[in-house]
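The values are calculated or read from the model by the stated rules, or taken from the named source; none is laboratory data. Predicted model only: the values in this text are computed from it and were never measured. Here the Cβ positions follow ideal geometry from the backbone for every residue, glycine too, while neighbour counts run over all protein chains shown.
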Amino acid sequence: MVRDTDVLLHERRIFEPDEETIQNANVKDWEAEIEKGKDLEKYWAEKAQQFEWFQKWDKVLDDSNKPFYKWFVNGKINLAYNAVDRWIHTEKRNQIAILYVNERGDERKITYYELYREVNKFANALKNLGVKKGDKVSMYLPMCPHLMVSILACNKIGAIHSVVYSGLSVGAFVERMNDARAKILITADGTFRRGKIIDLKKISDEAMLQCPTIETVIVVKHTGNPIKTSELSGKEIFYDRVIEGEPAEFEPEPMDSEDPLFLLYTSGSTGKPKGVLHTTAGYMVGVSTTMKDIFDIQDNDLWWCTADIGWITGHSYLIYAPLLLGTTTLVYEGAPDYPDPGIWWQIVEKYGVTKFYTAPTAIRHLMRYGDKYPNIYNLSSLKILGTVGEPINPEAWIWYHKNVGKEKCPIMDTWWQTETGMHLISPLPVSPLKPGSATRAFPGVEADVVDEEGNPVPLGKGGFLVIKTPWPAMFRTLYKDEERFIEAYWKDIPGVYKAGDMARKDEDGYFWIQGRSDDVLKIAGHRIGTAEVESAFVSHPAVAEAAVIGKDDPIKGQVIKAFLILKEGYHLNTDLIEDLKRHVRHELGPVAVLGEIEEVQSLPKTRSGKIMRRVLRARELGEDVGDTSTLEE
Ligand code: PRX
């Protein structure tokens, strides 16, 4: 959401940490920790010592070939070994690793030892199917333990996972699968959503017709949506069958620090999604350190991150960081307001959640139902809250603080991205907080706000958010597209990482993120490219040309406003609007929330034919269009 900066600049409230928070904190002195982080290599090397390495690194950071940084050079490590196996020789053996709950009230508790056995069985099964180190395995699965087991089993083998968010539909799914050229797909018979079962298998069947590289499809029986063995094609096999009789031991593959860990697709300015590539050791160090210090992770914590595993927040902070820290992680499959808008708070009370991490859009959505629901339940187990995904408006921050945190839980507003892998700008529990600001860069990270030439802008002025030093969980490239990696992030402002966000810095050095500076929309915290939506529209027989912009929305942050030139013989009536909505949903999935569709006779373009969305946006908001000297039509 592009924010009303006037409101932000007038936001003066400061929330200081209380005594109890300071006493519990892993990091008690924010300033001193930031100071410590200035010795980058020493700081991160210390953090890397928490893990068991097969072979220690020779060099913490290799920056000889910028921006292709390398971390923990020549180290050998295995992520799943550190996230699972390491704990089974400790008192955590019988501790719950994964607490799965769904909207029907079913629950499943999986201890570290049980997880160890399940991951090993599945790793053996994948190996038998021919999966080797470096192979790609895709997943199109609901929020369920099987997805976590699949991810960890890939780690054990050294296979690269590529999870496709189960809210994306056929078109987006096919595009991601074919770019990754995965060999195996793991999917399920469905997912629970608001009392219904969404048939994921049907979507994946349709997608598979266009995904030639997939040799085997493994189907998890998750919802009881009946699929008979006789209905499976020759390529398909049930998960239960595949692990049958497999041994519960597996020798983890020693991975080089820089071996690829996963691919995760995200939207950029062009129609083609970016395959963000993360590697092993630096990622492990980055996600575990940030979670531990930002959320003050202790042995008795019950951690709940509400993000979907299909996005980076789910990867880093629902699976990887919590397990690397030996925490219990709660996975909830369901919507925040079903069967009623108190369901999240009911779960917090029932299980005693201590740390809770969600998105501003969810808070705004729940705020709509008033103060009643969070106040029905006893939320006193909560100690720290978090938000991520988009700027949080001060009003939502205050509501969350008062009604959920009962004015005693600090709110960690964490700024980061699919590309960054880990939190980069965030307070710590001991930091003084300002509602709506992600505060300062995490220790060991250097951020700034600069102009187009890379010069720092004066305090309070808007500019481009950049990161000036490398960080361990940084993505290493865009899959099969080094050129785009450099073009999109490292070229415009040399020597720094350009995040694609606009921001301001205040007199205390606090960052106020304003929203994207590129053609990427943030709909309910989900990132979606305008060009992707436009190509979905253009693939409909009635549409000749399309341009879309983000329009502010009080709950979702942004929704899509589309301007369409229709082909001859078509008129924009209710039937066509419905059909267009259905079509875009089929191509992209429910993440593409359509606000308005408007028929136009022409679109503003540059002489080289690029759509000037800026002009459409200005027209929509009734603002000055600005410089239109490059405008052709
Ligand atoms: O615009 C910023 C916004 O989300 C973008 C990254 O989106 P994605 O890669 O999908 O990852 C989301 C989860 C990490 C950023 O460029 N964003 C993320 N967190 C915040 C935020 N904007 C403001 N405040 C945040 N805390």
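Okay, here's what the table says:
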read-out	value
Filter pass, ASP296 being closer than 30 Å to LYS196 by Cβ and either outside any strand (DSSP E or B) or more than 14 Å from the ligand (Cβ to nearest atom) (or both)	no
Single match in TYR283, TYR320 (criterion: within 16 Å of the chain's Cα centre (by Cα), farther than 13 Å from THR420 by Cα and within 16 Å of the ligand (Cβ to nearest atom))	TYR320
Pair list, Cβ < 8 Å and 6+ apart or interchain, from the range 221-238 residues that are assigned to a strand (DSSP E or B) to residues that are among the hydroxyl-bearing types (Ser, Thr, Tyr)	GLU236/THR216; ILE237/THR216; PHE238/THR229
Qualifying residue in the range 616-630 (condition: in a helix (DSSP H, G or I), out of contact with any His (no Cβ under 6 Å at 6 or more places or on another chain), surrounded by fewer than 18 Cβ atoms within 10 Å (Cβ to Cβ) and in contact (Cβ under 8 Å) with a residue 12 or more places away in the chain)	yes
Contacts under 6 angstrom Cβ, first residue in the range 140-161 being more than 19 Å from ARG86 (Cβ to Cβ), partner in a helix (DSSP H, G or I), 6 or more apart	TYR140/SER204; LEU141/LEU147; HIS161/ILE151; HIS161/CYS154
Close pairs from the range 407-432: first closer than 28 Å to ARG484 by Cα and at pLDDT below 95, partner within 11 Å of the ligand (Cβ to nearest atom) and of a type in the set (Phe, Trp, Tyr), Cβ under 6 Å, at least 6 apart	none
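Here's the yes/no breakdown for (1) modelled with pLDDT of 95 or more; (2) part of a loop (DSSP other than H, G, I, E, B); (3) within 26 Å of VAL137 (Cβ to Cβ):
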| site | (1), (2), (3) |
| --- | --- |
| THR290 | yes, no, no |
| TRP304 | yes, no, no |
| GLY314 | yes, no, yes |
| LEU318 | yes, no, yes |
| VAL331 | yes, no, yes |
| TRP344 | yes, no, no |
| GLU349 | yes, no, no |
| VAL353 | yes, yes, no |
